[in-house]
1. By how many nm would the segment from residue 75 to residue 150 lengthen if fully extended, with 0.36 nm per residue of separation less the alpha-carbon distance?
2. So how far, in whole Å, is the C-alpha centre of region 111-163 from the one of region 178-206?
3. Using a Förster radius of 35 Å, what is the FRET efficiency between residue 44 and residue 180 based on their Cβ-Cβ separation? Nearest 0.05, please.
4. Kindly give the semi-axes, whole Å and largest first, of the ellipsoid equivalent to the chain, taking each as the square root of 5 times a Cα gyration tensor eigenvalue.
5. Can you sort 15, 140 by how many other beta carbons sit within 10 Å, fewest first?
6. Mind sorting 51, 235, 174 by how few other Cβ atoms lie within 10 Å of their own Cβ, fewest first?
7. May I ask you to sort 122, 142 by Cβ crowding, counting other Cβ atoms within 10 Å and putting the fewest first?
8. Helix-only estimate, please: 222 nm mean residue ellipticity of the chain, summing -39500 (n - 2.57) across DSSP H runs of length 4 or more and dividing by its residues, to the nearest 500.
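No value in this document is a laboratory result; all are computed from the given coordinates. Keep in mind that this is a model prediction, so the values were computed, not measured. Note that we place each Cβ from the backbone using ideal geometry, even for glycine, and neighbour counts take in every protein chain shown.
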């Protein structure tokens, strides 16, 4: 099925398949992988890659993820700014056209993205745009105020949306999708993301890279999916059962 054919009933049917598996999940990672896999499978004619991320404090990462994030921060010259409470945008679920895209630990650059400061986040166009589109001001990265996230994510219109990944630029003229080789090689057109917050300020986001151009209206239909997913997995977050 092509993603442009998505209707509200399509999303409802997808959730009907997803819900029982999410209910049985022993960790958020397991649930997130199921979400990424089903989105890719349902729209395999269009979806190049689907990914699910969650903000996790640095101290809550497993050792492999911690080492990865520390290297990212050090290579960017901000290793000393990495704190225990620093939010890490952690890759929990991934499914795509290449085998290496179906195992989160094989991610070469996105296993964990440290949201160290507003200045650092502003230097990463896609993450900066993601937060802004979700209604989360970059100032949050400096304060970690959970109320800011919870309030922002209550807005059902919060949608990360790039109609054309090859041409979309930010206010500095930078390509929002920096990996333009990925965009051209796999014919990525529209990229969108929908998210939802948990009590305490953590948030989950589903990001979909499409080989077709799809409208904002179609992308917005996935907002309900993220909300339902967060509602059904809040027990796992509450018990800190994040990683498998």
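1. 23.9 nm is the gain from fully extending residue 75 to residue 150.
2. Region 111-163 and region 178-206 have Cα centres separated by 12 Å.
3. Taking R0 as 35 Å, the efficiency between residue 44 and residue 180 is 0.90.
4. Equivalent ellipsoid of the chain: 25, 21, 18 Å, largest first.
5. With the fewest neighbours first, 15, 140 line up as 15, 140.
6. Taking fewest neighbouring Cβ atoms as first place, the list is 235, 174, 51.
7. 142, 122
8. Calculated at 222 nm, the ellipticity per residue is -11500 deg cm²/dmol.
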